[in-house]
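The structure appears below as structure tokens.
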Amino acid sequence: MSDTNGAGVAVFDTDIHHSYRKTADLNPYLPKIYQEKLADYGMGGGGISYANNGGVKGFRADALEDGKAPPGGGVNAVDPEQVRQQLLDGCGIGLGLLTGGSMYGVPSGTDLDYANALCRAFNDFTIEHWLPTDRRFRFAMAVNAQDPEAAAREIDRLADHKEVVAILLPCGAPKAYGHRFYRPIHEACARHGLAIALHFGAEGAATNPAPTAAGYPTYYIQARLARPSFYQAHLASFIFEGVFES
């Protein structure tokens, strides 16, 4: 095992889309009422994936063996050992940040309590089933940004885990993330020295506005080209609303 690539340079992967094999894997971490809701209605929230992006059934053709879908049949990694072998060892990755691709749409749901429970369950699942499998894993924990007080409590609950280094927020949101509405989240991250990481996702879904100023894209490539604007809007909000000065 090496923490550097062939040139002796440390490489950090900041976006490993890890997940569960099936949603029922979250059941041990959920109250019974939410186990039933998960089985009946799924994760809630939703997201605009624009998955008609070519490749092989939506997957990058150059990343597949003989055109086969990845183990688990989804776009997220579900096997820590496979990630260790193919990514960390195979590519000489020094540290890998787990970002939980299956959770991006959860904060856009209308049921705040359910979204909070899903974030908590996914975090506990990750801490038990992913982080112990390799010392190079780090975790950007899931929080429900649309319930800032609950998000702050979740940050306080898990921030002492040394592998938890950030929170993950989807770019889709009803308010830009510098808004004072999110101040409890800003303060909790500052208390614990956690980064706020953004990932595109949930734009135009459920409680969120359309993903572009011109409405909804038709094709994946249109959404792809719009992504820089998502980050620009949030960054401008952080700066002009004084988050870094408070």
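Just check region 135-246 against the gyration tensor rule for me: Cα atoms, a ≥ b ≥ c as the square roots of the eigenvalues, rounded for a/c under 1.5, and otherwise prolate or oblate depending on whether a/b exceeds b/c. Please list the in-between numbers first.
On the way: a/c = 2.07, a/b = 1.59, b/c = 1.31.
Judged from the Cα gyration tensor, region 135-246 comes out prolate (a/c at least 1.5, a/b above b/c).
What's the local net charge at Ala206, with K and R +1, D and E -1, over the other residues with C-beta under 15 Å away?
Counting the neighbours of Ala206, the net charge comes to -2.
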### Task
Quick one: compute the contact order of region 126-246, relative version, from alpha carbon pairs under 8 angstrom and 6+ residues apart, as a percent.
26 percent
#### Entry: Total formal charge among the other residues, if their Cβ is under 9 angstrom from that of Glu163, Lys/Arg +1 and Asp/Glu -1
+3
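Around Pro184, what is the net charge, scoring Lys/Arg as +1 and Asp/Glu as -1 over all other residues with Cβ under 12 Å from its Cβ? Working shown, then result.
On the way: positive: Arg153, Arg180, Arg183, Arg191; negative: Asp147, Glu149, Glu154, Asp156, Glu187.
So the environment of Pro184 carries a net charge of -1.
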### Message
Keeping every protein chain present and rolling a 1.4 Å probe, give me the accessible area per residue for region 91-149 in Å².
### Response
29 Å²
### Task
Run the accessible area of region 150-246 with a 1.4 Å probe and give the carbon-and-sulfur part as a rounded percent.
58 percent
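The values are calculated or read from the model by the stated rules, or taken from the named source; none is laboratory data. Given the structure is predicted, the values throughout are model-derived calculations rather than measurements. With ideal geometry, Cβ positions are generated from the backbone for all residues, glycine too; neighbour counts draw on all protein chains shown. For accessibility, only protein heavy atoms count, side chains too; no ligands or nucleic acids. Shrake-Rupley method; radii C 1.70, N 1.55, O 1.52, S 1.80 Å.
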